[in-house]
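Input: a single structure, listed below in C-alpha cells.
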Ligand SMILES: [Mg+2]
C-alpha cells in the first residue's frame, strides 16, 4: 500500500476540530467497525446479507483508518516517518505471530 496523504492533509486542514475531537471521532469509527464485526460474526442482528455486512465492515475499517491517519497528519507526521514506523511495528507483529505459530484469520473468514 502506497501512502499518499496529500488529499487527506488537504481535507484535514479544513477540519477545525482539535486533537480531542479527532481522537473521539477515531473511537466512534472504531465502535462502528466493532458493530459490523459483531454483525458479520452473527453476534448482532442485521437484515443485510453477509456480503452487504462485509462491505459495511470494510467501509468502517476505512473510516477508522482515515481518522487514525488524520491524527498522524494533524500532529505533523510525514509519509516517510509513518512508513518507517509501520514497517518496524509490522516486523514486531510478525515476530510475535511466529512465536505463537498463528493461523491467519483472513483464511478462516472465507
Ligand atoms: Mg463510519
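Taken together, the values in this text are just the output of simple stated rules run on the coordinates, not laboratory data. Quick caveat, the model's predicted, so the values are computed rather than measured. Reconstructed Cβ throughout: ideal geometry from the backbone, glycine too, with neighbour counts over all protein chains shown.
Using only the Cα atoms of region 6-77, each taken as one equal point scatterer with no solvent, compute I(q) by the Debye sum, divide by I(0), and report log10 of the ratio at q = 0.24, 0.25 Å⁻¹. Calculated log10 I(q)/I(0) at the listed q: -0.95, -1.00.
If the chain linking residue 91 and residue 43 were pulled fully straight, counting 0.36 nm for each residue of separation and taking away their Cα-Cα distance, it would gain 14.0 nm.
Taking a ≥ b ≥ c as the square roots of the eigenvalues of the alpha carbon gyration tensor, region 1-41 is oblate, as a/c is not under 1.5 and a/b does not beat b/c.
Per-residue ellipticity at 222 nm computed for the chain from its helices equals -25000 deg cm²/dmol, with DSSP H segments shorter than 4 residues left out and the rest contributing -39,500 (n - 2.57). Arranged from fewest to most other beta-carbon atoms within 10 Å of their beta carbon, 9, 98 become 98, 9.
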